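The values are calculated or read from the model by the stated rules, or taken from the named source; none is laboratory data. Keep in mind that this is a model prediction, so the values were computed, not measured. Glycine also receives a Cβ, built like all others from the backbone with ideal geometry; neighbour counts cover every protein chain displayed. In case anyone asks, the SASA skips ligands and DNA or RNA and just uses the protein heavy atoms, side chains included. Shrake-Rupley method; radii C 1.70, N 1.55, O 1.52, S 1.80 Å.
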Amino acid sequence: MRRTLTALAVFVVISTALPASAVDTVGIPGPFRGFAVSSRGAEATGQKPESKLFYTPDGIWWAALGLAKDVTPGVYLFRLDPTGWTPVLLLPESDPWAKADASYDADASELLVSLRDNKPGTETNARVSVLHRLTYDGLGGWTVQGTPTTITTANVETITVAKDSTGRVWVAFEQSTAIKTGFLSVGASAFMFRRVSDTGVTSDDIAAVVAYGPGRIGVLWSDQVSQRFSFASRDDSAPTSRASFTIEEAFGAATGCPVTTSTACADDHLNLKAVGDILYATVKTSLNDALVPDPADPLVVLLRRTSTGWSPVQVSDVTSNFTRPIVVVDPLADQVHVFANVLGGDTYVWHATATAPVFGTPLPWTTDDADTLSNPTSTKQTVSVSTGLVAMTSTPGKPHRYWYNVA
């Protein structure tokens with residue numbers, strides 16, 4: 001199903017307050033998911049670095065989401081039809097509370113889905129996060145490649161997945177106050193892990209892995225001990241040792257954080273995307289937690305990495321109280337889209353130029369007078385006029401429902 005991306009205005013207003021009059025309902029109600037989906041692993045469309053959506057070259061949008069109502073409980077691949085989301089494939093041995101991160105390789109017609117399991121193990125259902133691999137036939141059909149590969153049995157807050165130019169699959173997450181990355185070589189049956197962070201982080205910190213290029217893997221993580229966001233990168237042709245990673249500061253005291261008012265530059269909120277060799281990331285600071293917060297300090301920040309380094313742009317300030325930001329990029333239209341929800345509230349979107357972004361007043365994406373529609377998620381892929389733009393949110397509790405919108 002092809003959607004046309006409507007022309008998006010480039011905002012030049014500096015204020016990032018909410019619109020003066022909020023619209024009661026914006027967006028489209030999706031499937032009812034059932035209680036079990038959010039019983040473990042938190043929000044149904046969380047967590048922040050993980051991307052639940054993707055599209056295939058035939059113009060179809062898909063989602064990897066938990067479902068525990070009126071079907072066999074588990075994580076399903078949903079297809080976006082003109083009438084809404086249709087569950088078409090149950091991932092084998094999946095639990096409905098498992099949270100996905102999906103990465104589609106159009107050249108290989110291969111889908112990678114990591115499923116994060118946060119439920120304590122029992123005698124009949126061990127806690128294990130796994131990697132699924134599927135092949136797309138180009139006609140709407142999927143073939144599961146063998147049995148899932150174990151990633152970890154630890155209780156981790158997020159897992160993200162990417163594939164490098166050699167075919168190795170990489171994952172990243174925080175465990176035991178260290179940022180870890182694992183790789184699965186072609187033909188291997190188990191991940192090999194390396195510690196990436198050079199100092200200890202908190203148990204609340206998270207990470208995201210990305211393939212960018214040509215021929216590089218990167219890991220971005222929050223560090224609430226050092227109060228910064230750090231980035232480690234490596235060349236795909238380098239040895240797989242920890243020493244192959246080069247570490248740099250992405251956002252902190254040396255890269256644009258206003259430390260004159262607070263040292264709370266980092267929070268465990270980040271989302272990372274690649275456009276060739278350029279990286280885009282949205283992060284949230286903890287500057288709202290200062291003893292006396294400066295209302296003009298940045299709360300949501302867009303980070304852009306080029307060959308000259310990282311550059312931050314404020315998306316919203318402390319006063320606006322936005323959280324859980326994600327980013328989607330349309331390079332052909334030179335557009336960047338940032339989604340975030342108000343703390344305890346609904347989801348809004350900013351549109352700006354990608355090469356020189358300036359963020360103004362956000363627009364409602366999914367809002368409802370009766371329910372909170374939060375935790376936005378979308379695709380790792382770049383979008384365009386031909387693909388359209390789709391992002392999904394969910395209610396944190398009853399009525400246990402997914403919501404979405406399309407542009």
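Dipole magnitude for region 166-320: about 660 debye, using +1 per Lys or Arg Cβ and -1 per Asp or Glu Cβ, origin at the Cα centre.
Within the assembled protein chains, the solvent-accessible surface assigned to residue 294 is about 60 Å², based on a 1.4 Å probe.
Pull out a ≥ b ≥ c, the square roots of the eigenvalues of the alpha-carbon gyration tensor of the chain, then state rounded if a/c is under 1.5, prolate if not and a/b is larger than b/c, and oblate in the remaining case. In terms of gyration-tensor shape, rounded. Please report the net charge: other residues with Cβ closer than 13 Å to the Cβ of residue 119, K and R +1, D and E -1. That works out to +2.
Within the accessible surface of the chain, defined with a 1.4 Å probe on protein heavy atoms only, the carbon and sulfur portion equals 54 percent.
Remark: the chain carries 37 Å² of accessible area per residue (probe radius 1.4 Å; ligands, DNA and RNA excluded).
The charge dipole of the chain, taken about its Cα centre with unit charges on the Cβ atoms of Lys, Arg (+1), Asp and Glu (-1) only, comes to about 580 debye.
Computed over protein heavy atoms with a 1.4 angstrom probe, the accessible surface ordering of 115, 363, largest first, is 363, 115. What figure in square angstrom, to the nearest 10, would you give for the accessible area of residue 142 with a 1.4 Å probe? Residue 142 exposes around 40 Å² with every protein chain in place.
The distance between label points at residue 189 and residue 90 comes to 2.7 nm (points 7 Å beyond Cα on the Cα→Cβ vector). Between the beta carbons of residue 242 and residue 177, assuming R0 = 22 Å, the FRET efficiency works out to 0.85 to the nearest 0.05. Cross-link check: pairs 48/284; 69/284; 119/380; 48/99 evaluated at a Cα-Cα cut-off of 22 Å; pairs beyond the cut-off: 69/284; 119/380. Other residues whose C-beta falls under 12 angstrom from the C-beta of residue 133 contribute a net charge of -1, scoring Lys and Arg +1 and Asp and Glu -1. Indicate the gyration tensor shape class of region 60-155 (rounded, prolate or oblate), computed on the Cα atoms with a ≥ b ≥ c the square roots of the eigenvalues: a/c under 1.5 is rounded; otherwise a/b larger than b/c is prolate and the rest oblate. Taking the square roots of the gyration eigenvalues as a ≥ b ≥ c, region 60-155 is oblate.
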